[in-house]
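Nothing in this text is a laboratory measurement; each read-out follows from the coordinates by a stated rule. If you're wondering where the values come from, they're calculated on a predicted model, not measured in any experiment. Reconstructed Cβ throughout: ideal geometry from the backbone, glycine too, with neighbour counts over all protein chains shown.
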Ligand SMILES: [Zn+2]
């Protein structure tokens with residue numbers, strides 16, 4: 001894909017072909033963010049969503065009439081591949097939960113969900129993610145890595161839902177655009193933890209969220225050696241589903257209740273060595 005219009009602004013844009021982004025939720029935010037990430041030149045994407053396209057989604061989501069009734073991840077896969085056939089995409093037609101949470105433990109995670117339960121899960125299992133939400137005429141976006149975490153400033157779970165209160169498509173597209181822009185910044189240079197709060201038609205607040213003392217979210221976040229997690233899990237996690245056991249974690253691997261093992265290694269050979277050591281012990 002030709003990125004000549006982006007290169008003057010982001011000279012190192014080519015590094016994105018080797019980067020990984022996991023998008024949790026392929027609705028109003030995710031279907032737009034995913035497309036913008038592909039158009040920015042990202043090389044590897046995992047899409048997680050268990051929904052099918054419904055007629056009322058078309059008001060704001062990146063789908064068309066003939067997609068109704070099909071899984072969102074499948075439709076989005078076809079669209080993203082049609083934009084850039086060289087991109088590698090993993091689709092997971094499941095809702096994110098504690099048994100498949102290994103999917104969000106490496107690479108940059110983009111929260112495009114519509115509920116606080118899943119966001120808390122991301123907050124507690126990912127150390128490198130971009131929070132995003134939109135409802136009615138307002139929305140929020142924030143890059144989060146370690147502290148402060150989302151639960152440092154989120155005092156109570158909101159009971160507000162778009163299906164009851166409605167949402168403008170302008171705000172979901174604005175929030176998705178900002179989220180993908182922050183992702184571009186995170187992956188090519190740097191990004192701080194400012195929380196951006198938008199209200200239509202044009203009010204913007206940039207907020208510095210403080211670290212909360214004894215925050216549950218901060219304390220429960222698994223300590224993942226982010227530099228070592230590398231990309232191995234993206235290609236290998238499915239290979240190691242035959243090990244049974246309870247959840248346990250050490251510095252080299254995490255074993256989940258469903259039998260999946262997530263190995264932290266610099267490359268496939270090292271991961272295989274660690275795996276054979278686990279199997280013989
Ligand atoms: Zn916290």
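Where in the stretch 157-198 does the label zone of residue 206 land, with the point 7 angstrom along Cα→C-beta and an amide N cut-off under 20 Å? The answer is 174-198, whose backbone nitrogens lie closer than 20 Å to the label point.
Taking the beta-carbon count within 10 Å as an exposure proxy, list 188, 113 from fewest neighbours to most.
Ranked by crowding around the Cβ, least crowded first: 188, 113.
For residue 147 and residue 277, the difference between the fully extended length at 0.36 nm per residue and the C-alpha to C-alpha distance is 43.4 nm.
Would you work out if the stretch 16-93 is rounded, prolate or oblate? Take a ≥ b ≥ c from the square roots of the eigenvalues of the alpha-carbon gyration tensor; rounded if a/c is under 1.5, else prolate when a/b is larger than b/c, oblate otherwise. Prolate, since a/c reaches 1.5 and a/b exceeds b/c.
Highest mean first, how do 195-206, 94-105 rank when packing is the count of other Cβ atoms within 10 Å averaged over residues?
On the way: 195-206: 12.8, 94-105: 17.6.
Output ranking for 195-206, 94-105: 94-105, 195-206.
For the listed peptides 207-214, 171-178, 26-33, a ranking on the average number of other beta carbons within 10 Å per residue, highest first, reads 26-33, 171-178, 207-214.
For the stretch 25-65, the fraction of C-alpha pairs more than 13 angstrom apart is 52%.
The ranking of 49, 164 by Cβ neighbour count inside 10 Å, starting from the fewest, reads 164, 49.
Let me know the shape class of the stretch 13-218, please: from the alpha-carbon gyration tensor, a ≥ b ≥ c as square roots of the eigenvalues, rounded when a/c is under 1.5, otherwise prolate if a/b is greater than b/c, or oblate.
Details: a/c = 1.44, a/b = 1.19, b/c = 1.20.
Rounded shape, in that the Cα axes give a/c under 1.5.
From most to least packed by mean Cβ count within 10 Å, the peptides 75-86, 127-138 give 127-138, 75-86.
Computed from label points 7 Å out along Cα-Cβ, the spacing between residue 270 and residue 192 is 3.3 nm. If a spin label sat at a point 7 angstrom from the Cα of residue 4 along the line to its beta carbon, the backbone N atoms of the stretch 65-84 nearer than 19 Å would be those of 84.
With only alpha-carbon pairs counted, each pair once and no self-pairs, how large is the Kirkwood hydrodynamic radius of the stretch 83-170 in angstroms? After inverting the mean inverse Cα-Cα distance, the result is 14.5 Å.
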